[in-house]
Every structure is written in structure tokens, then in C-alpha cells.
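Step one of this worksheet: look at the structure below.
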Amino acid sequence: MKHRILAFALALAPILSVFGLSRVEADSSIARGTAAYAAGDHVAALNLFDTVCAEYTSPSLLYNIGNCHFKLNDIPHAILFYERALRLAPGDEDVKANLELARQNVVDRVNELPSFTLGSTWGRLRGGRDADQWARRSLWESLLFFALLAVGVLAKQRTLRRAVFGASGLVLVATLISVAFASFRHGEVTDDSAAIILDPKVDVRSEPRESTTVLFVLHKGTKVIVLQTENGWSEVQLANGSVGWAPPTTLERI
Amino acid sequence: MKRSIHRWLIISLALLAGLGGHAQEIGFTAAVDRNTIATGEYVKLSVNLTNSKEGFEAPSFGGLVAVQGPFENSSFNYVNGRMSSSVGRTWVLTATAPGKYTIGPAKVRVGGGIIQTEPIVIEVTKGPARPSDPGAEQGQSRDPNLFASISLSKTKAYVGEQVVATYLLYSRYANIELSKYELPKMDGFWAEEIDLGDTNWEDQLQTVNGLQYRVAVLKRQVLFPQRSGKLRIAPVELSCIVNRSFFNRGSAVSTRSNAVEVTAMALPGNAPADFNGAVGELGMVVKADRTDVKANEAIELTITYAGRGNLKLMAGPTLDFPSDLEAYDPKVTDKISVNASGMNGSRSFQYLVIPRHEGEFPLEPITFSYFDTRIGSYKTIQADPMTIRVSPGDGGPVSAIQRPTKSDVEVLGKDIRYIRTGDLHLRPSGDRLFGSLSWFAGMGAPALAFVVFLGWRRKRENDLSDVAGSRRKQADRVARKRLSEAEQALRSSDRGAFYDALGKALHGYLADKFSLGHAQMTDAIVRERFSAFANGEVVANAFLNLRTACDMARFAPVEDRPKQQIYDEAVALIGRIEQLVRA
């Protein structure tokens with residue numbers, strides 16, 4: 001995957017050189033963005049972080065962008081980026097704290113269904129700061145499993161051989177768990193059904209066209225689940241279960 | 001009972017008849033002092049009823065407005081047995097718009113009939129733009145014997161700067177009684193009364209326009225303009241009763257003063273941040289009764305503003321005490337006097353500060369900004385910085401062990417947490433390990449490696465388990481090695497070594513080939529083994545022949561053939577045996 005992207009990028013390099021952003025450039029942009037943020041120039045910081053975000057991603061980067069939006073008093077975008085960061089790194093304390101603060105500015109109080117509230121330890125275990133951690137773990141475990149099997153095959157002593165095979169059995173179970181988690185996380189990270197309302201006020205209607213019955217009114221910053229889209233309209237579901245159609249470009253998927 | 005009522009009736013009738021004979025004719029008149037006025041001027045309407053005690057109905061004013069009245073007067077004369085009485089009411093009327101106004105008839109019910117007065121027409125002309133402000137010191141008054149005026153200590157002032165307004169009444173009447181006066185509403189000013197004490201009338205006489213007047217100070221006020229612009233003080237209206245004596249009910253005289261205007265200048269825009277509206281000639285003193293205390297002992301911090309200015313409007317300073325100092329709301333003490341020179345004195349804010357923990361607490365220097373009217377600009381006074389040193393409090397004799405009281409960390413504000421700095425662990429967007437080609441490769445590679453490992457191991461195990469086979473396989477190689485040794489010996493003409501190597505080559509080769517021990521290499525067994533092969537007999541004979549020849553040559557110096565020939569024969573024989581075994 002990486003190589004294919006690299007090959008693609010190399011092939012298009014002459015055309016895309018304006019847009020392409022090498023890792024070194026990205027790092028320098030982030031350093032400058034951090035300095036601008038420290039100096040209080042949140043607009044400049046946001047621009048720099050955004051250019052990096054076009055090609056790279058990381059929970060910390062999304063978190064920083066969310067902070068910039070918050071400082072510029074753009075609460076809906078702040079929430080959007082915090083949610084994105086939290087999706088990549090569930091249970092991140094900083095992101096959760098800032099998201100909590102940003103949500104205090106949201107007008108709508110929708111009775112949110114209790115989400116996975118086993119705490120941040122579970123969140124870190126589940127996701128950590130790296131969306132790929134379970135996939136990587138599964139690779140190491142599979143390697144360890146076969147290595148143990150090989151050792152067991154080679155072992156001459158009966159008790160040693162038994163112990164090694166037992167251990168390899170445990171590692172196999174761990175591998176399967178890791179794969180299951182990796183698959184779960186993959187589904188979670190690629191899930192874009194949630195969205196944040198960006199418009200100050202959105203009339204949610206009963207059908208996906210104008211001048212139908214307004215079912216309820218949402219305000220910026222509210223999180224909804226997008227069930228389906230039609231002609232740009234999105235069928236949204238609130239945490240309390242209400243469903244209706246929101247007009248195009250009033251929300252952005254997380 | 002019935003008799004007594006009759007008697008009363010008779011007496012009353014007789015009295016009425018007697019009086020009636022002497023009664024004068026009833027008169028009922030309404031009069032105005034003039035029929036033409038300008039807007040804002042006044043007309044006096046008097047209605048008089050003579051020789052009747054009936055109450056009369058007031059006339060309608062037909063659009064005119066009664067500013068004063070009614071003043072009631074009545075007189076009763078008894079001259080030479082003739083009795084006359086009169087009751088009257090007086091109004092002061094005015095009009096705000098020009099036009100013709102008709103004062104309606106006044107009515108009275110006398111002896112079964114109704115008497116009414118003639119209606120009066122008043123013509124109101126348009127007066128001067130500001131009729132009440134003739135520009136002269138003298139107020140609007142027709143009566144040259146009485147007028148009022150308002151005088152100001154200054155007519156131009158900054159917003160918040162004090163202006164003293166004095167309300168004066170000038171009178172030439174010997175006897176004057178203020179029946180009513182109304183101070184104008186102060187629009188745009190904050191007013192503070194000056195206490196005049198007991199004496200109202202000033203001693204000295206004052207000459208205005210050649211006439212001598214007695215001057216009374218009705219009131220003094222300190223005015224503080226609250227907004228910029230031209231602020232107008234409306235005229236003061238007053239009505240007096242003059243020349244009242246024991247015999248005379250006196251007559252009502254009303255007058256109104258001039259109107260005055262104060263030009264209030266806005267304060268400059270470059271106000272310091274801590275400016276909170278203090279204007280005047282002020283100063284500040286900050287005093288703490290002590291700065292070295294023990295914990296939980298009180299400190300009295302006094303901030304005193306003194307001078308001339310709007311002291312009563314001054315709010316306390318906003319002090320930022322360190323959170324470990326407990327400060328109470330200040331006690332405000334005023335020593336403000338308001339007199340003819342304005343408002344002076346001091347206002348103190350006394351803060352009670354109790355340090356709860358030991359340590360050094362530097363207080364931020366207290367600053368005070370005000371607008372100095374003398375120099376016309378803002379001034380900021382900064383008090384000396386102050387540090388409160390708090391030593392540990394007394395344990396006290398009762399509680400020998402005093403635990404420091406724990407207090408929660410105070411949350412003073414809320415903000416988001418800071419951004420992440422340093423390495424953000426960037427990854428290209430959309431690059432996911434799970435499900436990618438490299439992930440599958442990574443998962444498959446160990447399995448593949450393991451399978452390969454198993455295959456290699458199986459083969460090796462097979463080989464290990466077949467010792468004879470491997471020996472047989474090795475036989476040719478070992479024999480060749482020995483033969484090459486023999487060849488070397490042949491070249492170096494080492495006879496012993498040659499036959500030794502050659503013998504061993506043949507012997508070893510066959511032992512390996514047939515998996516035989518050295519002890520088993522007897523002629524019989526060799527023949528038996530070869531017999532299994534076709535032509536085995538011939539080969540067996542050749543082998544045994546050659547072996548014998550070698551042995552013979554080794555131990556006895558007998559050579560039936562040259563060494564080279566024996567060597568060639570051995571090589572050929574091994575080749576034949578190889579072919580034989582493989583076939």
C-alpha cells in the first residue's frame with residue numbers, strides 16, 4: 001500500500017509537486033504551526049496544520065487543529081476534529097477534556113445514549129494513540145506463535161516440548177484476539193456515519209426536500225448519525241432516536 | 001317632642017326673613033388680568049362670588065393649562081349694620097400653543113336658579129422661541145417687585161465635574177411667604193443638596209436695575225453633569241403670598257426664574273483602564289495597619305480618596321488579592337461635606353484582609369485614575385507596592401496539634417488544554433495496516449516459513465534414520481578420496497603408503513557399500529554379497545584378487561604387477577562395482 005502510494009506519488013511528482021508535501025516539509029510546517037499557536041496566532045497555526053492534514057494524519061495533529069478552531073471560536077469544527085482525533089485514539093485524556101469543554105457551548109442537549117464508558121484505560125487498550133496497534137500486534141504474535149511451534153518441534157525433552165506447545169497455544173489465542181480487535185478498530189476508524197452539524201441552525205424535515213414538515217431544529221455542534229443520503233440530503237438520527245432529513249452542506253462527517 | 005320641632009322652624013324662618021331684608025345683591029364675576037398673552041406667558045383668572053355662600057362650579061379653561069391654583073380667598077365685612085361677603089378663586093393659566101382659547105362660564109346655583117359668568121376669550125400669540133429665557137439675569141416676571149434666578153458657578157464643565165447652582169429669590173415686598181415652589185427636574189445631572197442651615201434670607205441688599213432687593217437663597221445644589229452636551233436646567237417656578245397681615249389675606253404672586261444651560265464637555269477618550277468616573281482634584285492614600293502578621297490575623301487595609309470632586313459617586317477600587325488572602329467587602333466611611341464651594345472631603349474603603357496561610361504575599365500596587373479638572377487630563381496615582389508577610393499562626397494552647405487545613409485547588413477559569421508539541425507521529429492519510437497487502441504478507445510469512453522448516457526437518461530426519469543408505473552413498477566419495485591419496489603416494493614413489501591407501505580404499509569402499517563391519521570382510525561374505533548381483537562372481541574374484549595383491553605387496557616386497565597397473569585396476573573395479581550396485 002505504502003509502496004503503491006509512493007510509486008504513484010513519484011509518477012505524478014512533476015504535476016503534483018505544488019501539492020505534494022514531503023515528510024520533512026510536514027514536520028517543519030508543524031513546528032511553525034506550533035510556534036504560531038504559542039504566539040497566539042491561531043489563524044496561521046490552523047493554516048499550517050491544515051496543509052499537513054491534507055496528506056498526513058495523527059490523533060495529535062487532529063487534536064491541534066481542533067484546538068485552533070476552538071481558539072477561533074469555531075466550536076462545531078473544534079468538535080468535529082476532536083471527534084476525529086478521538087476516533088483514532090479513543091480514551092485520550094486531552095482530547096476528551098477539550099471535547100467536553102467544547103460541548104458545553106453546544107445549544108442542543110440531546111440525551112446521549114451512554115457510549116462505551118468503561119473508562120479511558122479501556123479506551124487506550126482498545127485504541128491507544130495508534131489506530132494500527134492491534135494490526136501490528138497481531139503480526140508480532142503470529143510470528144511468535146510459529147516461532148514457538150518451531151521450538152516445540154525441535155525440543156527433545158518431553159516436558160519442555162509440552163510447555164512450549166502450551167505457550168504457543170496461548171499465543172495463538174492472543175493472535176486471534178488481536179486480529180479481532182484490529183478488525184473491529186478498522187471498522188471503527190473507517191466508519192464515517194457520525195457527523196457534526198456545522199450550520200448555526202438546521203431545520204430537520206420529514207422528507208429530503210424543502211418545504212416539508214419541520215420535525216425538529218438542530219444547532220451547530222450537535223452530533224448526529226447519518227443513516228443514508230439522497231440528493232445531498234442526509235437522513236440523520238439523534239442520540240435520542242429521532243430521525244429526520246437535514247439539508248445538504250449543513251453537516252460534515254467526522 | 002313635636003312641639004320643639006315646630007318652635008325651631010319658627011325661629012329659623014324669622015331669622016331668614018330679617019337677614020333677607022338686609023341682604024345685598026348677589027354678584028358673580030369672572031375676570032382675567034389680560035386677554036392677550038404669548039405662549040409660555042401667564043394669565044390670571046379670578047372668579048368672585050359676592051354675597052352668597054354657595055359653592056360655585058369652576059369654569060372650564062378651554063385648552064389653557066392651570067399652572068397654579070386655585071388659590072381661594074374670602075372676605076366678610078360688616079359695616080354700619082350692612083353685611084357683605086365675598087369668596088373667590090384664582091388660577092394662573094398658560095398656553096403652549098398659539099390660538100384662541102375660550103374660558104367657559106363658571107356656574108353657581110342660587111335660590112333655585114343658576115347664575116353663570118360670561119365666557120372669556122384669551123388670545124395666545126406665538127411667543128419668543130424660549131420665552132422663559134430672556135437672556136437677562138432677571139427671570140420672567142411681570143412683577144418688578146419679585147423675581148427668581150438661578151446662578152451657576154461655571155457654565156462649562158467636564159462630565160462629572162461639579163457645578164454649584166444657587167437658586168435666588170429677589171423681593172421688594174416687606175412681607176413674603178413662599179407658598180409653593182417647584183425645583184426643576186435635573187435631567188442629565190446628578191444633584192446633591194447643600195445644607196443651608198437655618199437662615200434663609202441674606203442680610204445684604206442687592207441692587208438690580210436701580211432697585212434694591214432683598215435676596216433669599218432658596219437652595220443650593222452641587223450638580224454633576226452625567227453626559228456631554230448642552231444640559232439645560234429648566235426654570236424654577238414659585239408662587240408667593242405677599243403683604244399678608246392680620247387684616248389682609250395677602251395676594252398671590254407667582255414668578256419663574258430664568259433657565260440656565262451648562263455645556264458639559266466629554267472626558268477625553270484616552271482613559272486609563274482603571275478609570276471609573278472619578279473627576280475632580282483628588283488624591284489617594286493607601287494604608288495598612290500592619291504588614292507582618294501571623295496566619296489568621298486580620299489586617300486592615302484602608303484606601304482613602306480625598307479632595308474635591310464627585311466623591312459620593314466613587315466606587316471602591318477593584319483589588320486583586322492573592323487567593324490565599326481572604327478579603328471581605330469594604331466598609332465605606334464618608335467624611336464628605338457639601339457646601340457653597342462644592343463637594344469636598346474624603347471617602348475611605350476599609351478592607352479586612354485575613355491571610356489564611358503563611359508566606360509572603362506581594363500585593364499588586366493599587367492604582368487610582370481620575371480626571372483632573374485643573375489640568376484637564378487624566379492622572380494616575382500609584383500607591384507604593386506592599387508585601388504582606390505572614391508567619392505561621394499560633395498553635396494555641398488548646399489544640400496542641402494543629403493540622404494545616406487542606407483546601408481544594410481553586411479553579412479560577414476554564415480553557416482547553418494546550419496543543420501537542422514535538423513529534424506528532426504523523427502517518428500518511430488513508431494508510432492502514434490492517435487489511436493491507438503488507439499485513440497479509442506479514443501474517444502469512446511466518447506460516448510459510450514454518451511449513452518450509454517442517455519440510456526441511458522431515459527430510460533431515462529421514463536421512464538420519466537411514467544410516468546404511470548414507471554410508472553406501474558416501475562409499476564412492478570416501479573411496480575416491482583414498483584413491484587420490486594412493487595416487488599421491490604413487491607419484492612420490494612411497495610404496496608402503498600407496499599399498500596402504502589403496503588397500504583401505506578397496507576395503508573401506510566395499511564395507512560401506514554393503515554395510516559391513518571390518519571383521520565381516522571375509523572372502524566368503526564378500527562372495528555371498530556379490531552373488532546377489534548378475535556377474536557378481538567375476539567382480540568378487542577381481543576384488544578379492546586385488547585385495548590379496550595389495551596385502552601381499554604391503555607386507556612383503558613382492559610385486560607381481562607394476563604399481564600403476566594395480567592402481568588402474570582398483571579404479572576400474574570401483575567403477576564396475578558402482579555400476580553393478582546401481583543397476
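Read-outs: derived from the displayed coordinates by stated rules, not from any lab. These numbers were taken from a predicted model, which means no experiment stands behind them. Using ideal geometry, Cβ is built from the backbone for each residue, glycine included, and neighbour counts are taken over all protein chains shown.
In this simple spin-label approximation, A:Asp41 and A:Thr190 carry label points 7 Å from Cα along the Cα→Cβ vector, and these lie 4.1 nm apart. Axis angle, to the nearest 10 degrees, between helix B:467-491 and the longest C-alpha principal axis of chain B: 60 degrees.
The loop-placed trypsin sites (Lys or Arg not before Pro) in region A:139-238, going by DSSP, that have at most 10 neighbouring Cβ atoms within 10 Å of their Cβ come out as A:Lys156. Taken over the protein assembly as shown, the percentage of Cα pairs per 10 Å bin, counting from 0 up to the bin with the maximum distance, is 2, 7, 8, 8, 8, 9, 9, 9, 8, 7, 5, 4, 3, 3, 2, 2, 2, 2, 1, 1, 0, 0.
The base-10 log of I(q)/I(0) for region B:280-391, evaluated at q = 0.16, 0.21, 0.22 Å⁻¹, reads -0.74, -1.09, -1.16 [Debye formula, identical scatterers on Cα atoms, solvent excluded]. Can you give the FRET efficiency for A:Ser242 and A:Lys201, using 1/(1 + (r/R0)^6), R0 = 22 Å, r = Cβ-Cβ distance, to the nearest 0.05? Working from the Cβ atoms, E equals 0.85.
Taking only the alpha carbons of chain B, we obtain Rg and Dmax values of 68.9, 215 Å in that order. Remark: spin-label model distance B:Ile336-B:Arg582 equals 12.9 nm, labels positioned 7 Å along the Cα→Cβ axis. In this structure, the amide hydrogen of B:Tyr378, modeled 1.01 Å from its nitrogen in the peptide plane, lies closer than 5 angstrom to those of B:Asp372, counting only residues at least 5 positions away or on a different chain. Computed from label points 7 Å out along Cα-Cβ, the spacing between A:Glu100 and B:Glu123 is 8.8 nm. For the pair B:Arg554 and B:Glu461, a Förster radius of 41 Å applied to the C-beta separation gives a FRET efficiency near 0.45, rounded to the nearest 0.05. Once the Cβ-Cβ distance of B:Val32 and B:Val215 is raised to the sixth power relative to R0 = 41 Å, the FRET efficiency obtained is 0.80. Over the protein assembly as shown, dividing the summed -39,500 (n - 2.57) contributions of all DSSP H runs of at least 4 residues by the number of residues returns a 222 nm mean residue ellipticity of -11500 deg cm²/dmol. Per-residue extension of 0.36 nm, minus the Cα-Cα distance of B:Asn248 and B:Asp289, leaves a gain of 8.0 nm for this segment. Extension gain, B:Arg491-B:Arg527: 0.36 nm per intervening residue step, less the Cα-Cα distance, totals 9.7 nm.
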